[in-house]
Amino acid sequence: MTELLQYVLSGLTVGAVYALVALGFTIIYNASNVVNFAQGEFVMLGGMITFFAWQAGLPLPLAAALAILAAAAVGVALNKLAVERARGAPVVSLIIITIGASIFLRGGAQLVFDKQLHRFPAFSGDEPLVIGGATILPQGLWVVAGAATVFALLYLFFTRTLTGKAILATANNRVAARLVGINTDYMMTLSFALSAAIGALAGVLMTPITLTSYDLGVAYALKGFAAAMLGGMGVPAGALVGGLMLGLIEAITAGYVSSVYKDAVAFIVILAVLFAMPQGLFGRKSTDRV
Amino acid sequence: MPLLRVEGLGIDFGGLRAVDNVGFQVEPGEIVSVIGPNGAGKTTLFNMISGAYQPARGAVSLDGEIVTGMVPHLLARRGLSRTFQNLQIFQKMTVLENVMVGCHLQERASLLADLFSTPASRKRSAETRAAALKLLERVGLDCAADKEASSLSYGALKRLEIARALALEPRILLLDEPAAGCNAVETEEIDHLVADVAKSGVAILLVEHDMKLVMRISNHIVVLDRGEKIAEGRPGEVSRDPKVIEAYLGVQPKEAGGHALG
């Protein structure tokens, strides 16, 4: 029982990060129908920029804030310089543009920073907390609390504020959104900034546990994408559930079977779900009316 | 000063002159219809006026301000609103939400107040809701307010789109075939609605194929054929114009003139 609890705790920690990455996919997908494969690079930028800013002498919270802002700026640049310019191109081309951007960012990080693994100290020390016999790092609680806060704030943002609703309206029908006076280009840019900031926050929270390096984005992009597909692309609640499920499946497989198989089992479960429900757990079939 | 002035407007698609040298004016509260055979360039003209296409030639001015080729969301803020022939509805929102989105330009919102749902923010939401409901009542959709838009009939969606356009409190409303695909009863409802809106002082620019509707409610008609304006005037004058009859029927007016514009 203690064992299971242990796996659940570590699964939730990793799952919370996957959920944040999946949420980033979801926000951009909703605004533009683009699956942004550069999403993982935002996670990398969050960790790397924080580390180097902290090493340069900035206090950790300031370094983290700087990293999140810088990642958001990269997100805006990605939209303005690459995606927006290719407006009117088929979605597949846009997706390939994001893959290109991802390679570019990885290469850039390798040049600007280095190829080493980096870590900065955990926010509240490294003394594990004991819960019912199982242990969790205080940083794990930071990750879970951070993800919970982001999801709660975004829920309020999308359901209560005009800007949030304007993004939803843009996602729902861009022509109609323009007709009612919504600046849809601005909403797209805002979505990219928001996604990038969320990805960077995930990177900041996770680095003291998993370390960071210039090439860590690919793995996160893949897992976040899988989590988003599992939950249903474009549904924030799906991103949350998909991310947590993926984390739990991985942790439990690693614990009871072998950590070698954790990715395999996770992807088998995802494939099984998608065979039965191609729209994902929370996705809805979309229909166009003519 | 006219509310909308269109001068020498034109656009080409490849080598094709889709619209060339079209000009007319719309006064406040006036209903102006643009008619013409299929492919005459009516929707293209609408797309240029509403900022969906960049015109190659000519100018559009709204209340004296040049707005040629201005993007739609800025035109919406200046009081020009339109509907589409093939419906642009937020299908996954409820009927009421569709109209509430249209009301947002009139809202004075603050991000933080909304996030924390302050009393002022809640009051504003309630007011927007009430205003949207009133508009739904006006187009006869108040009973469907909480249904998802995609569940509505085609005719109902046409009226929903008009209600949403009205939510922007436009000074001029461009309606692209509001009665297309509607049955006789629905057409009649749209007829009354358009007349009613114009009476409240909103200018209406209408593209419509239903000639009975056009002749009944227009103050003024502009006739296009092959991208050019071939006639303009009051309904009675236009329907007797030989050039118009020829454009529609392609035959000598003496054979079929009397029925041409039914």
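Among the candidates A:Thr189, A:Thr149, A:Thr170, A:Thr207, which residue alone is at pLDDT below 90 and either of a type in the set (Ser, Thr, Tyr) or within 12 Å of the chain's Cα centre (by Cα) (or both)? Reasoning before the result, please.
Details: A:Thr189 fails: at pLDDT below 90; A:Thr149 fails: at pLDDT below 90; A:Thr207 fails: at pLDDT below 90.
It is A:Thr170.
Since B:Gly262 meets every condition but one in (1) at pLDDT below 90; (2) crowded, with 18+ Cβ neighbours inside 10 Å; (3) small (Gly, Ala, Ser), which condition does it not meet?
(2)
Filter the stretch A:129-144 down to the residues that are in a loop (DSSP other than H, G, I, E, B) and either at pLDDT below 90 or of a type in the set (Gly, Ala, Ser) (or both) and list them by number.
Keep residues of the stretch A:129-144 that are in a loop (DSSP other than H, G, I, E, B), which gives A:132-133, A:137.
Once the filter is applied, which keeps residues that are in a loop (DSSP other than H, G, I, E, B) and either at pLDDT below 90 or of a type in the set (Gly, Ala, Ser) (or both), the stretch A:129-144 yields A:Gly132, A:Gly133.
Answer yes or no as to whether A:Gly164 is within 7 Å of chain B (Cβ to nearest Cβ) and not β-branched (Val, Ile, Thr).
Working: within 7 Å of chain B (Cβ to nearest Cβ): no; not β-branched (Val, Ile, Thr): yes.
Answer is no for this residue.
Does the stretch A:149-164 include one or more residues that are within 19 Å of A:Phe25 (Cα to Cα) and among the basic types (Lys, Arg)?
There is no residue in the stretch A:149-164 that is within 19 Å of A:Phe25 (Cα to Cα) and among the basic types (Lys, Arg).
Any residue in the stretch B:51-75 that is closer than 19 Å to B:Pro28 by Cβ and touching a residue at least 12 places away in the same chain (Cβ under 8 Å) sitting within a Cβ distance under 6 Å of a residue that is among the basic types (Lys, Arg) and assigned to a strand (DSSP E or B)? List the pairs, counting only those 6 or more apart or interchain.
Pairs found: B:Ser61/B:Arg5.
Got at least one residue in the stretch B:201-222 being more than 14 Å from every other protein chain (Cβ to nearest Cβ), touching a Gly at 6+ places or on another chain (Cβ under 8 Å), assigned to a loop (DSSP other than H, G, I, E, B) and not basic (Lys, Arg)? Before the answer, list the steps.
From the stretch B:201-222, those more than 14 Å from every other protein chain (Cβ to nearest Cβ) are B:201-222; that's our starting set.
After this cut, where a residue has to be touching a Gly at 6+ places or on another chain (Cβ under 8 Å) as well, the list is B:201-203, B:211-212, B:220-221.
Remaining after also requiring assigned to a loop (DSSP other than H, G, I, E, B): B:201-202.
Okay, now just the ones that are also not basic (Lys, Arg), so B:201-202.
So far as the stretch B:201-222 goes, yes, one or more of its residues are more than 14 Å from every other protein chain (Cβ to nearest Cβ), touching a Gly at 6+ places or on another chain (Cβ under 8 Å), assigned to a loop (DSSP other than H, G, I, E, B) and not basic (Lys, Arg).
Within the stretch B:36-137, which helices (runs of 4 or more DSSP H) (wholly inside it) include 1 or more residues that are more than 11 Å from every other protein chain (Cβ to nearest Cβ)?
Values: elements: B:42-49, B:72-77, B:95-103, B:111-115.
Once the helices (runs of 4 or more DSSP H) in the stretch B:36-137 are filtered for at least 1 residues that are more than 11 Å from every other protein chain (Cβ to nearest Cβ), what remains is B:42-49, B:95-103.
Mind listing whichever residues of the stretch B:21-35 are small (Gly, Ala, Ser) and either outside any strand (DSSP E or B) or surrounded by fewer than 24 Cβ atoms within 10 Å (Cβ to Cβ) (or both)? Talk me through it step by step, then tell me what you get.
From the stretch B:21-35, those small (Gly, Ala, Ser) are B:23, B:29, B:33; that's our starting set.
Across the stretch B:21-35, the qualifying residues are B:Gly23, B:Gly29.
Go through (1) farther than 20 Å from A:Phe157 by Cβ; (2) among the aromatic types (Phe, Trp, Tyr); (3) part of a helix (DSSP H, G or I) and name the single condition A:Tyr186 misses.
Answer for A:Tyr186: the failing condition is (1).
Given (1) under 19 Å from A:Leu141 (Cα atoms); (2) buried (at least 22 other Cβ atoms within 10 Å of the Cβ), identify the lone condition not met by A:Leu4.
(2)
Tell me which of these A:Gly164 doesn't satisfy, since it passes every other one: (1) among the small types (Gly, Ala, Ser); (2) in contact with a Phe, Trp or Tyr (Cβ under 6 Å, 6 or more places away or on another chain); (3) more than 19 Å from A:Tyr186 (Cα to Cα).
For A:Gly164, the failing item is (3).
If you check every pair at least six apart or on different chains, which have Cβ atoms under 6 Å apart with a residue in the stretch B:144-166 that is touching a residue at least 40 places away in the same chain (Cβ under 8 Å) and closer than 17 Å to A:Ala177 by Cα first and a residue that is surrounded by 20 or more Cβ atoms within 10 Å (Cβ to Cβ) and among the small types (Gly, Ala, Ser) second?
B:Arg164/B:Gly102; B:Ala165/B:Ser81
Inside the stretch A:178-197, can you point out the residues that are more than 8 Å from chain B (Cβ to nearest Cβ) and touching a helix residue (DSSP H, G or I) at 6+ places or on another chain (Cβ under 8 Å)?
Our first condition is that a residue be more than 8 Å from chain B (Cβ to nearest Cβ); within the stretch A:178-197, this holds for A:185-197.
Once the filter is applied, which keeps residues that are more than 8 Å from chain B (Cβ to nearest Cβ) and touching a helix residue (DSSP H, G or I) at 6+ places or on another chain (Cβ under 8 Å), the stretch A:178-197 yields A:Asp185, A:Met187, A:Met188, A:Thr189, A:Leu190, A:Ser191, A:Phe192, A:Ala193, A:Leu194, A:Ser195, A:Ala196, A:Ala197.
The values are calculated or read from the model by the stated rules, or taken from the named source; none is laboratory data. Keep in mind that what you see is a predicted model, and the values were worked out from it rather than measured. Note that we place each Cβ from the backbone using ideal geometry, even for glycine, and neighbour counts take in every protein chain shown.
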